[in-house]
Amino acid sequence: MSEPWVGRSLRRREDDRLLRGRGEYVGDIDLPGQAHAVFVRSPFAHAAIRAIEAAPALALPGVVTVVTAADMPSGPLPPFLWDTPPEKLVAALRPHLRPCHPPLLADKALYAGQAVAVVVAESRYVAEDAAELVEVEYDPEPAVATLEHAMAADSPVVHEGWDDNVAVRFAVSKGDVDAALADAALVIHERFSVQRQAGIPMETRGAVASYDEAGDGLTLWSATQNSHPLRRALSRVSGLPQERIRVIAPDVGGGFGIKGVLYPEDLLVGLLAMRLGRPVKWIEDRLEHMLSAVHAREQVHEMELGFDPDGRIVAMRDHVLVDTGAYNPLGLVIPYNTIAHLMGPYRVESFEATAEGVITTKTPTAPYRGAGRPEAVFAVERSLDLAARRLGIDPVELRLRNLVRPEEMPLDVGILYRDGEPLVLDGGDYPAVLRRAAELAGWDEVDIREGNGRLVGRGVGVYVEGTGIGPFEGALVEVGDDGRVSVRTGACSQGQGHATVFAQVCADHLGVEPDAVDVVTGDTEGLEKGWGTVASRSAVVAGNAVREAAGIVREKALGIAGELLEIAPADLSLSAGRVAPRDAPDRGVELGVVARAARERGAPLATTFYFEPGTVTWANGAHAAVVAVDPETGVVEILRYVVVHDCGTEINPMIVEGQVLGGVAQGIGGALYEEVLYDEDGQLLNGTLADYLVPTAEEVPTVELASRETPSPLNALGVRGVGEGGAIVPPAAIANAVEDALSRVGAVVRRTPLTPPYVRALAGSDGNHLRSSGEDEILRP
């Protein structure tokens, strides 16, 4: 029997086409007779719209129309992805959860950059000029630009009819936290904050729509992570049945969650194509993306972590504030994701957490790679390092004393996950992963000053991640008359390598090579329903859908071939694209012949399978960082970065490695560079890549990567998600390392990013008191 394709590091099939410039992104789609849309956006963070005068814009030659709220369907945006939280979760939390979806075009601007009108013209250039001619009469109101302002008793209430600015509030608990903290030998009580970030995909958002009233209906090309949910939403606002709408996500240049929410622009482009009877195209520029695409992170944690004299955790309490911006697009998702990951891989008997999602007059926030997990890990891992220093215990040893051990799993943690099912850690060896990371980082040897006034520090962080969330994902597998196999799935690719990994999974079950498998993702045609790519779910949910569908097609092929060859299916083998008797391989028939026979019998050699996970799988890992800090300039250099992770069975280890490394790069950005800044009037201060700093190849070190493979017991492939793991820990591990380097002055890192001014402040105004004449002075006693 040939070696399975799953587990091999095959080169990505999609890369040759993309690297040669043969990709097709939304921006590449040009349809005959298309018009171009440009949105008129509010310059104010908070303002009533008194009047809109479109006449000057309409007078410009080449302008087709100017559309305002009065011209489009009224009401809130339709639900997207999770329409409502799971009933069991709602029953357990009894959350205060206000509906918070923005209208298609608001009569009141709630953040600078919110669309208030759209201009359609014969060219993008004319549309841009005309947008500047649309006269909007605003009545500015006070901005609410910070969490502190929004929560203050005298704060303006942003949403009319509300009595405060809290969009969502709930609590989760188990055990007796008060008693455990009262009896604790040590309680770490600190306030930590994580900054607002932007996703910065290489490709910004965009959409192209074409409408054929007499024929096939509406087709929308969108840079989206969720084609089927977008089709459903478009059906609800347009009145067209879903079967008359086709949504296609062509090549998408990065998503990271930023393209995984519903935007008014996608819907409006479709509605405009229907209204005008001609194709309409919209592509945003980078400034528009920074202003109006969702942001992420921005949380404050009031953390209490109690320990016994031996450093074992006895209780955890956290109060989490989440800045949702002007709206809360996905309800419980981000705040609950944070809460659900606070206990992480540790044994915590008593736990209490409250979360509040708070409205401010800034761009809305939503999931971005990690989606609430980096924030939780930062608060907990920082607290653990502070405790280690107070207790005089090595930070690695302190964690080892608290990590859940393999023999304790599966472990019911005692709260619900956000799918409404019990949160059960389903396997892995967390202590072994941490020990391996410390070993690779040379943990016990990082203890000297590097020289030239720089101080060296080491830091570590561990995580678990709930992956592969439902409710389902579908796959259609079909064998053609030529013997080639086609796979369609509702998962959408933004660079994850779906065309390669799904082909590997399918090839193993149909006895063909992956190059004989054509994979189509992100297209609603041919697949009744789908969910999309979010939450590290594609390999788990779509991968298992492909596996099951391919397995059913295999059995069909063996049955039909058995009839053709007059032999029992159990005596047949399927390999190298042929079905043949096990003891007489020369008597076989090509898979394409079997497919033709199936079609002649009235049914194609095909099936559709929807995989519905019972609950999530759990990936885990440990990161270790060694940094050099210049106390005079505040510059932090990463000298060494180590990742050890366990995502279960690795379908393609090379692609897994790329996923982890890409996540680490984004995590480093969150640790050291990236922050979306607003002034007190709610005006964006750094809307270009000249001002919003992202790490380049020069700032991202060579990452030392190792893995374990503990197959998940929850699915036949044994996979756990890997898409977000690399991004979860870097802020915590790097912050721990910087604090370690500055430990002699009692520095405490309470926020990210660790910019040079912040690090200089931690070190002291000029850092001179940290210097020593001995270049080889031991950093720690």
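The values are calculated or read from the model by the stated rules, or taken from the named source; none is laboratory data. Note that the coordinates shown come from a computational prediction; the quantities given were computed from them, not determined experimentally. Here the Cβ is made from the backbone with ideal geometry for all residues, glycine too, and neighbour counts use every protein chain on show. In case anyone asks, the SASA skips ligands and DNA or RNA and just uses the protein heavy atoms, side chains included. Shrake-Rupley method; radii C 1.70, N 1.55, O 1.52, S 1.80 Å.
The residue pairs whose first member lies in the range 213-238 and is farther than 21 Å from Y25 by Cβ, whose second member is of a type in the set (K, R), and whose beta carbons are closer than 8 Å, counting only pairs six or more residues apart or on different chains, are D216/R244; D216/R246; G217/R244; G217/R246.
Going through (1) under 25 Å from the mean Cα position of the chain (by Cα); (2) part of a loop (DSSP other than H, G, I, E, B); (3) at pLDDT 95 or above one by one, E680 falls short only on (1). Elements of the type strands (runs of 3 or more DSSP E) sitting completely within the range 558-635 and holding at least 1 residues that are β-branched (V, I, T), modelled with pLDDT under 95 and in contact with a helix residue (DSSP H, G or I) (Cβ under 6 Å, 6 or more places away or on another chain): these cover 578-581. What are the pairs with Cβ atoms under 8 angstrom where one residue, in the range 3-27, is open to solvent by 50 Å² or more (accessible area, probe 1.4 Å) and the other, located anywhere, is in a loop (DSSP other than H, G, I, E, B) and among the polar types (S, T, N, Q)? Sequence gap at least six, or different chains. Short answer, once both residue conditions are applied: R8/N652; S9/N652. Residue count for the range 725-750 under the criterion of being at pLDDT below 95 and touching a strand residue (DSSP E or B) at 6+ places or on another chain (Cβ under 7 Å): the result is 1.
Residues that are small (G, A, S) and touching a strand residue (DSSP E or B) at 6+ places or on another chain (Cβ under 7 Å) were ranked within the range 57-68; the one that is least open to solvent (accessible area, probe 1.4 Å) is A57. Could you please find all residues in the range 271-290 being open to solvent by 40 Å² or more (accessible area, probe 1.4 Å) and under 19 Å from G257 (Cβ atoms)? Within the range 271-290, R286 is the sole residue that qualifies.
Every residue in the range 639-655 that is in a strand (DSSP E or B), of a type in the set (A, V, I, L, M, F, W, C) and open to solvent by less than 20 Å² (accessible area, probe 1.4 Å), please. Answer for the range 639-655, where residues must be in a strand (DSSP E or B), of a type in the set (A, V, I, L, M, F, W, C) and open to solvent by less than 20 Å² (accessible area, probe 1.4 Å): V642, V643, V644.
In summary, helices (runs of 4 or more DSSP H) completely within the range 69-155 and bearing 1 or more residues that are open to solvent by 30 Å² or more (accessible area, probe 1.4 Å) and hydroxyl-bearing (S, T, Y) occur at 124-133.
Within the range 29-56, being exposed (fewer than 13 other Cβ atoms within 10 Å of the Cβ) and more than 30 Å from E141 (Cβ to Cβ) holds for D30, P32, G33. Tell me whether the range 92-109 contains one or more residues that are at pLDDT 90 or above and within 27 Å of F44 (Cβ to Cβ). Yes: one or more hits. Does Y678 count as open to solvent by less than 10 Å² (accessible area, probe 1.4 Å) and hydroxyl-bearing (S, T, Y)? Considered against the rule, which asks whether it is open to solvent by less than 10 Å² (accessible area, probe 1.4 Å) and hydroxyl-bearing (S, T, Y), Y678 comes out as no. Pairing residues of the range 273-289 that are farther than 13 Å from A37 by Cβ with residues that are of a type in the set (D, E, K, R) and surrounded by 20 or more Cβ atoms within 10 Å (Cβ to Cβ), at Cβ distances under 7 Å and at least 6 apart in sequence or on separate chains, gives H289/R205.
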